[in-house]
1. For residue 226, indicate whether it is within 30 Å of residue 35 (Cα to Cα), part of a helix (DSSP H, G or I) and of a type in the set (Lys, Arg).
2. Given the condition within 15 Å of the chain's Cα centre (by Cα), of a type in the set (A, V, I, L, M) and not in a helix (DSSP H, G or I), answer yes or no: does some residue in the stretch 158-180 qualify?
3. Kindly indicate whether residue 63 is open to solvent by 70 Å² or more (accessible area, probe 1.4 Å) and modelled with pLDDT of 95 or more.
4. Take residue 55 and tell me if it is over 16 Å from residue 153 (Cα atoms), of a type in the set (A, V, I, L, M), modelled with pLDDT of 95 or more and not in a helix (DSSP H, G or I).
5. Could you tell me which numbered condition residue 118 fails, if it satisfies all but one of (1) closer than 16 Å to residue 68 by Cα; (2) outside any loop (DSSP other than H, G, I, E, B); (3) at pLDDT 95 or above?
6. For the stretch 122-170, give me the residue count where each residue is open to solvent by 30 Å² or more (accessible area, probe 1.4 Å) and without any contact (Cβ under 8 Å) to a residue 60 or more places away in the chain.
7. What's the total number of residues in the stretch 45-59 that are open to solvent by 10 Å² or more (accessible area, probe 1.4 Å) and closer than 12 Å to residue 172 by Cβ?
8. What pairs come out if I take residues in the stretch 190-219 that are of a type in the set (Asp, Glu) and pair them with residues that are open to solvent by 60 Å² or more (accessible area, probe 1.4 Å) and not in a loop (DSSP other than H, G, I, E, B) whose C-beta lies under 7 Å away, six or more apart or interchain?
Amino acid sequence: MREVFDIGSTELLTTVARSMRDLEARDGSPMADRIRGLIEGAGSTFVETARPSGVWQKISPTDFEAIYHGECENDPDTPLEVVLENAVELALFAVTVGVEVSSRISSSFDAGDLAEGYILDQVASFAADEMAQIATRRFARGEQHGPGHAALPYSPGYCGWNLSGQRALFAALKPEEIGITINESCLMSPIKSVSGVLVLAPVEAHCISPSFTCCSSCTTLDCQERAAGLTAR
């Protein structure tokens, strides 16, 4: 099964409003009004220029194993390999907020409008991450599974899955259909895009201890927050 989908930019902006509030200055700050204005301006620019779209496609465990090990450059031990042992269903995915908003970010920085560029960059990043969550929900809602299961996205370049994995992933998924490509360094264009695999598995399978080789160089350990969010549902 394969699905290509679009989301309205206004609808997407509404879903990331809470994250955008984290960009605001504290009450009483002399910069509060200035930053609030930048956030509002970034929101308007995003609605005007973003073209959010995505694609996901189911894949068998055997076929994904070939993609995952692709160029044999992954860490010797990775969290995803452990999660996959208990996977119920898998799907490749790629999402983007489009090329125009990414170009607008670059133009702001090139023009020396650093604050404007930074705020728009953050808004677009929030939106791209939310698009990955939307793809995850669209994939999971069509699967028959009992209680205690959840789907999460995992991406090349994180958690020991080498970025070179993009080549095999793109060859199988063909996200060029929605305008996403990769260069020789496996970096995506548009920049504000996310790709990877969606894993539907028991909740406890996603609750990984940060004890893998890749964890020692991780500065965020976002996996722990994601797992906590699953167990709190």
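1. Judged against the criteria, residue 226 is a match.
2. yes
3. On the way: open to solvent by 70 Å² or more (accessible area, probe 1.4 Å): yes; modelled with pLDDT of 95 or more: yes.
When the stated conditions are applied, residue 63 passes them.
4. On the way: over 16 Å from residue 153 (Cα atoms): no; of a type in the set (A, V, I, L, M): yes; modelled with pLDDT of 95 or more: yes; not in a helix (DSSP H, G or I): yes.
Here the answer is no, as residue 55 does not meet what is asked.
5. With (1) closer than 16 Å to residue 68 by Cα; (2) outside any loop (DSSP other than H, G, I, E, B); (3) at pLDDT 95 or above applied to residue 118, the lone miss is (1).
6. 11
7. 3
8. From residues that are of a type in the set (Asp, Glu), there are no pairs.
The values are calculated or read from the model by the stated rules, or taken from the named source; none is laboratory data. Keep in mind the model is a prediction, meaning the values are calculated, not measured. For neighbour counting, all protein chains shown are included, and Cβ atoms are generated from backbone atoms with ideal geometry for every residue, glycine included. Accessible surface is based on the protein model in full, side chains and every heavy atom, while ligands, DNA and RNA are left aside. Shrake-Rupley method; radii C 1.70, N 1.55, O 1.52, S 1.80 Å.
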